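Engineer: Would you mind keeping the following structure in view while I ask a few things?
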Amino acid sequence: MASNDAAVRNAAAYAPHIDAYVGINADRSGIMHMVNTLTERLAPGARVVDLGCGPGWESAELEHRGFRAVGLDLTMEMLRYARREQPASGHVVGDLRRLPFADGTFEGAWACASLLHVAHADQDTALSEVARVLVPGAPFVCSAQMGDGEGFVMGAAIKVERFMVYHQPDGLRARLAASGFEVASLRVSESEYVNPGATGWIETLALRR
């Protein structure tokens, strides 16, 4: 990929700030209801992919709950942290637009804020890739920030420019449906904990058709 690719630039932007990212985001209690939404639909021992796993927190939580988790991220420094701190989970480097897994590898997928960094032009490709690596009926829980547009913005907490992509609920629903999913639930919440230009979060449970 070219060096001006937004995903590559984002990975490079995160790399020097792992400790700051961990310090700011280590409390995961606010998203455990989403983890519950995913795991309630999984059979014991199911294989789950954590897309954009970052430091590997949800991969570790899924392993703790008895599932077989694989975390994927494009930032090698994030993966090094995850492998060191969460060794029970598998972690691989990869891009959401070209997932390095065979068709139907997983029984579930998790993407907490990962779509935030996938350009609108690549969203359909990425979501179709998620559908490809899931078995029919598999749950996919994802969250995205609500708003319009995309572009490089200065982070509110970590002062570095990153490429951010925002969605409207109906648009995200339509993209999921077009990519092979049935949207089972979609929840919108306003929040101050978003990047500049966003107004809140969209939380979605979709099922692979």
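Engineer: Could you please find all residues in segment 45-66 being out of contact with any Pro (no Cβ under 7 Å at 6 or more places or on another chain) and assigned to a loop (DSSP other than H, G, I, E, B)?
Structural biologist: Correct list: 45, 46, 52, 53, 54, 55, 56, 65.
Engineer: Between a first residue in segment 38-67 that is aromatic (Phe, Trp, Tyr) and a second residue that is part of a loop (DSSP other than H, G, I, E, B) and modelled with pLDDT under 95, which pairs have beta carbons less than 8 Å apart while being 6 or more apart in sequence or on different chains?
Structural biologist: From segment 38-67, the pairs are 57/26; 57/86.
Residues are listed down the side, and each one gets a yes or a no for (1) within 20 Å of residue 86 (Cα to Cα); (2) part of a helix (DSSP H, G or I); (3) modelled with pLDDT under 90:
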site	(1), (2), (3)
13	no, yes, yes
18	yes, yes, no
22	yes, yes, no
31	yes, yes, no
43	no, no, no
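To keep it simple, each residue is scored yes or no on (1) modelled with pLDDT under 95; (2) closer than 21 Å to residue 58 by Cβ; (3) assigned to a strand (DSSP E or B); (4) not acidic (Asp, Glu).
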residue	(1), (2), (3), (4)
125	no, no, no, yes
131	no, yes, no, yes
143	no, yes, yes, yes
153	yes, no, yes, yes
156	yes, no, no, yes
159	yes, no, no, yes
174	no, no, no, yes
177	no, no, no, yes
185	no, yes, yes, yes
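Engineer: Moving on. May I ask you to say which residue of 14, 21 is in contact with a strand residue (DSSP E or B) (Cβ under 9 Å, 6 or more places away or on another chain) and either buried (at least 18 other Cβ atoms within 10 Å of the Cβ) or under 28 Å from residue 207 (Cα atoms) (or both)?
Structural biologist: Step by step, each of 14, 21 is checked, and only 14 is in contact with a strand residue (DSSP E or B) (Cβ under 9 Å, 6 or more places away or on another chain) and either buried (at least 18 other Cβ atoms within 10 Å of the Cβ) or under 28 Å from residue 207 (Cα atoms) (or both).
Engineer: Hey, among the residues in segment 167-189 that are without any contact (Cβ under 8 Å) to a residue 40 or more places away in the chain and more than 26 Å from residue 107 (Cβ to Cβ), which one's surrounded by the fewest Cβ atoms within 10 Å (Cβ to Cβ)?
Structural biologist: 170
Engineer: For segment 67-81, what are the residues that are among the charged types (D, E, K, R) and over 19 Å from residue 109 (Cα atoms)?
Structural biologist: Of everything in segment 67-81, those that are among the charged types (D, E, K, R) and over 19 Å from residue 109 (Cα atoms) turn out to be 77, 80.
Engineer: Sort through 181, 106 and tell me the only one that's farther than 20 Å from residue 74 by Cα and not acidic (Asp, Glu).
Structural biologist: Only one candidate passes the filter, namely 181.
Engineer: Quick one: count up the residues across segment 187-197 that are assigned to a strand (DSSP E or B) and either over 18 Å from the mean Cα position of the chain (by Cα) or modelled with pLDDT of 95 or more (or both).
Structural biologist: Of the residues in that region, 3 qualify.
Engineer: Same structure, new question: Confirm whether residue 140 is in contact with a helix residue (DSSP H, G or I) (Cβ under 8 Å, 6 or more places away or on another chain) and under 17 Å from residue 53 (Cα atoms). Walk me through how you get there before you give the answer.
Structural biologist: Values: in contact with a helix residue (DSSP H, G or I) (Cβ under 8 Å, 6 or more places away or on another chain): yes; under 17 Å from residue 53 (Cα atoms): yes.
For residue 140, the condition - in contact with a helix residue (DSSP H, G or I) (Cβ under 8 Å, 6 or more places away or on another chain) and under 17 Å from residue 53 (Cα atoms) - is met.
Engineer: Go through 111, 69 for me and flag whichever is hydrophobic (A, V, I, L, M, F, W, C), modelled with pLDDT of 95 or more, assigned to a strand (DSSP E or B) and over 21 Å from residue 209 (Cα atoms).
Structural biologist: 69
The values are calculated or read from the model by the stated rules, or taken from the named source; none is laboratory data. As the structure is a computational prediction, the values presented were derived from the model and not from experiment. Glycine also receives a Cβ, built like all others from the backbone with ideal geometry; neighbour counts cover every protein chain displayed.
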